[in-house]
Amino acid sequence: MRQRCFTETTAEATIHYQIVDLGRQLYVWAAVGNPKLGNLCMSIPTQMDPIPAVATLLPSSANSESSSVAQRIALKMQRPVLCSWNIPGTSPMLEAIAERRLLQELRDMFGTQQQQVQEQTGQAAHAEGLAGAQPATQAANS
Amino acid sequence: AMDLAPGFPVKTKMYSRDIQGVKTDFLFSAYIDRLLLIITQLGAAGTIMTTTSDAAFEAQSPTYTTTVLSGKRDEPLLQLAARRIVENAASVGCMRPMIICMGFKDHAPQVMKEVVQAVSEDNIW
């Protein structure tokens, strides 16, 4: 297991990030301001759909992009992602900056994804605990 | 290895222990509203549970609840282990709600007991 915690200061706000490589899965957390674990969702790539399945485990009170972010990370990294996204929905620019930075850091931590796509899709069908969850049908932006 | 910026607002602790011959990873993260515990032998979060400690009214003892958010709902020893962890934390003054993720190869009572023991000996509260 390995972890990377870092902070980014933008003109608008200070963003804190925590990335944990559990081995076969990722846990990512990002927040502006107070370091809360305000919501939690899980996204898992699946062979049944090009878009990863996603389930909300802990809902967020504010309008949160947590589910979409989790899906995009799961798609890019081709592994299940547990995601807690605490960036205010009122600032799309900040959200975009945070997501881009997170993906950049993940790419740095994991190198190229070509090999990993082949390894990971085999595991994708064994999604635990998502029975009954509706996969979101939003297109993932690249 | 941990890469922690000085002054990072989330306190974390990570370590590995041998539990009944299996390498087990422990990660603790303290947020202001919750604690996150990930305990895994599988490289994955496994069963994800929330726990709460309800502060006592006067003389009554606190109540603890565990709920499975994802994963095995038919393995009572997992919820029991989570409850034990919460009880032990409360006994030293930590009442914060937790998210406890447990991914084990084997759910034998001895495994659960050693995991609970490890957490009570080495944690961030």
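The values are calculated or read from the model by the stated rules, or taken from the named source; none is laboratory data. Quantities reported herein were computed from a predicted structural model and do not represent experimental measurements. Methodologically, a virtual Cβ is constructed for each residue, glycine included, from the backbone with ideal geometry; neighbour enumeration extends over all protein chains shown. Side chains included, ligands, DNA and RNA excluded: accessible areas come from the protein's heavy atoms. Shrake-Rupley method; radii C 1.70, N 1.55, O 1.52, S 1.80 Å.
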Across chain B, how many lysine pairs separated by 8 or more positions, or lying on different chains, have Cα atoms within less than 18 Å? 5
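Counting partner chain Cβ atoms within 10 Å of every residue's Cβ in B:40-50, what's the average?
Values: counts 5, 1, 4, 7, 10, 12, 4, 2, 7, 0, 3.
Mean shielding by partner chains, rounded to a whole number: 5.
Taking all protein chains in place and a 1.4 Å probe, what share, in percent, of the accessible surface of segment A:13-108 do carbon and sulfur account for? Write down the numbers at each step before the final one.
Working: 1790 of 3410 Å².
Here it works out to 53 percent.
Using every Cα-Cα pair within segment A:1-108, state what percent have a distance larger than 23 Å.
Numbers: 1168 of 5778 pairs.
The answer is 20 percent, as a whole percent.
Counting other C-beta atoms within 10 Å, and keeping those with at most 12, which DSSP coil chymotrypsin sites (Phe, Trp or Tyr not before Pro) do you find in segment B:27-88? Before the final figure, lay out each step's value.
Values: sites: B:Phe28, B:Tyr31, B:Phe57, B:Tyr64; in loops: B:Tyr31, B:Phe57.
Answer by residue number: B:Phe57.
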Pop out the carbon and sulfur fraction of the accessible area of chain B as a percent, whole number, probe 1.4 Å. 51 percent
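Rounded to the nearest whole Å³, what is the per residue volume of the convex hull around the Cα atoms of segment A:46-93? Intermediate values should be presented prior to the final figure.
Numbers: hull volume 4.1 nm³, N = 48.
Considering the Cα atoms of segment A:46-93, their hull volume per residue is 84 Å³.
Beyond 24 Å, how much of the Cα-Cα pair distribution for chain B remains, as a whole percent?
On the way: 1942 of 7750 pairs.
That tail contains 25 percent of the Cα-Cα pairs.
Can you pull out the buried accessible area for chains B and A, both sides counted, probe 1.4 Å, rounded to the nearest 100 Å²?
Details: alone 7140 and 7850 Å², together 12340 Å².
For B against A, buried area totals roughly 2700 Å².
Work out which trypsin sites (Lys or Arg not before Pro) in chain B are exposed loop sites (DSSP not H, G, I, E or B, at most 15 other Cβ within 10 Å) and give the longest gap free of them.
Numbers: sites that count: B:Arg73, B:Lys105.
By the stated rule (loop sites, at most 15 other Cβ atoms within 10 Å), B:1-72.
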Put a dot 7 Å past each Cα toward the Cβ at B:Asp74 and A:Arg101; how far apart are the dots in nm? 4.5 nm
